[in-house]
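J.: Okay, handing you the structure first.
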Amino acid sequence: MVPLQPKGGDDLDKTAIRNAATVIAIRDRMSDPHVLMGQRGAQAAFMPNKFVFPGGAVDADDANIPLAEPMPAVCRARLAEDAPEDLSHALAAAAIRELWEETGMILGTSGEWPIAPHADWATFAATGHLPSARALQFVFRAITPPGRPRRFDARFFLVDADEIASDLDDFSAACDELSHLQWIPLPRVREFDLPFITEIVLAEVAARAHDLTPPENVPFFRNDDEESLFLRLKGNVDPRGRAD
């Protein structure tokens, strides 16, 4: 497992397990929950034609991106469990960046950047927002099984669409990585062509659709080269939800 990988790393080793962040944005969760998804291209090396949540690999620059607010302490503690180092900041930044790049949705607060933004963040910074991880809830983790053309150690983050600072129906700033971007009614999502792991994650989302608090523990499908395990990440937190 590699902690962070610079740009171009796929060309060096296509089978290396890269850390990745995926965002599950949920809208109208108390009345008529919808989730934001798009379709990967037919020529994509990883999960072609599948409908997926926005997300992607962590870039080396993500660890240095200023966050207006971090994730809740309980989520950071669970991210640190069974991990070689604390990646909570980089993962949070990657989640916000991928959400912006692939959908044009802004998860952040109004403000000026204290540093010059890296190239991948220039368009986000130009909106007048700083990325904020306060609303991200860590809800699932899965490592891609061996034998796939790309392998990721993916952390899934649930975010209430009310926390998004931009127009929920405006995808004009999105790149072309995902097509058919749309808010899909949660009961209808399984009518779409989904990856297997996405179906499992959706079951967790459906169970938590009306719960605004972080889960008591986080499912972890750990597909190592030697064995596959299903674990529960609880983190090291006190009863008040603060990391020890």
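The values are calculated or read from the model by the stated rules, or taken from the named source; none is laboratory data. Keep in mind that what you see is a predicted model, and the values were worked out from it rather than measured. Heads up, the Cβs are rebuilt from the backbone with ideal geometry, glycines too, and the neighbour counts pull from every protein chain shown.
J.: Select from the stretch 82-122 the residues that are more than 17 Å from the chain's Cα centre (by Cα) and closer than 19 Å to residue 232 by Cβ and list them in ascending order.
T.: At the first step, the residues of the stretch 82-122 found to be more than 17 Å from the chain's Cα centre (by Cα) are 82, 84-85, 109-119, 122.
Within the stretch 82-122, just 82 meets the criteria.
J.: Enumerate the helices (runs of 4 or more DSSP H) found wholly within the stretch 44-137, keeping only those where 2 or more residues are touching a His at 6+ places or on another chain (Cβ under 6 Å) and without any contact (Cβ under 8 Å) to a residue 40 or more places away in the chain. Before the answer, list the steps.
T.: Working: elements: 73-80, 88-103, 122-125.
Qualifying helices (runs of 4 or more DSSP H): none found.
J.: Continuing with this model, one more query. Among the residues of the stretch 181-201 satisfying the criterion of being of a type in the set (Phe, Trp, Tyr) and closer than 19 Å to residue 103 by Cα, which is surrounded by the fewest Cβ atoms within 10 Å (Cβ to Cβ)? Give the steps one after another, and end with the answer.
T.: Restricting attention to the stretch 181-201, the residues satisfying the condition of being of a type in the set (Phe, Trp, Tyr) are 183, 192, 196.
Applying the additional criterion that residues be closer than 19 Å to residue 103 by Cα yields 183, 192.
Values: 183: 17, 192: 15.
Top of the filtered list is 192.
J.: What is the one condition in (1) more than 19 Å from the chain's Cα centre (by Cα); (2) in contact (Cβ under 8 Å) with a residue 12 or more places away in the chain that residue 188 does not satisfy?
T.: (2)
J.: Applying the selection to the stretch 100-134, what residues are surrounded by 21 or more Cβ atoms within 10 Å (Cβ to Cβ) and closer than 22 Å to residue 74 by Cα?
T.: Selection gives 107, 108, 131, 132, 133.
J.: Taking the stretch 146-174 only, how many residues are in contact with a helix residue (DSSP H, G or I) (Cβ under 6 Å, 6 or more places away or on another chain) and either polar (S, T, N, Q) or at pLDDT below 95 (or both)?
T.: So the count comes out to 0.
J.: Something else: Could you give every pair whose Cβ atoms fall below 6 Å, whose first residue belongs to the stretch 149-167 and is crowded, with 19+ Cβ neighbours inside 10 Å, and whose second residue is assigned to a helix (DSSP H, G or I) and of a type outside the set (Ser, Thr, Tyr), counting only separations of at least 6 or pairs across chains?
T.: Within 6 Å, the pairs are 155/91; 156/201; 157/95.
J.: Same structure, new question: Which residues, taken from the stretch 1-35, are over 17 Å from residue 154 (Cβ atoms), modelled with pLDDT of 80 or more and in contact with a helix residue (DSSP H, G or I) (Cβ under 9 Å, 6 or more places away or on another chain)? Give the derivation first.
T.: Initially, the stretch 1-35 is screened for residues over 17 Å from residue 154 (Cβ atoms), giving 6-8, 11-13, 26-34.
Adding the requirement that they be modelled with pLDDT of 80 or more leaves 26-34.
Across the stretch 1-35, the qualifying residues are 26, 27, 28, 29, 32, 33, 34.
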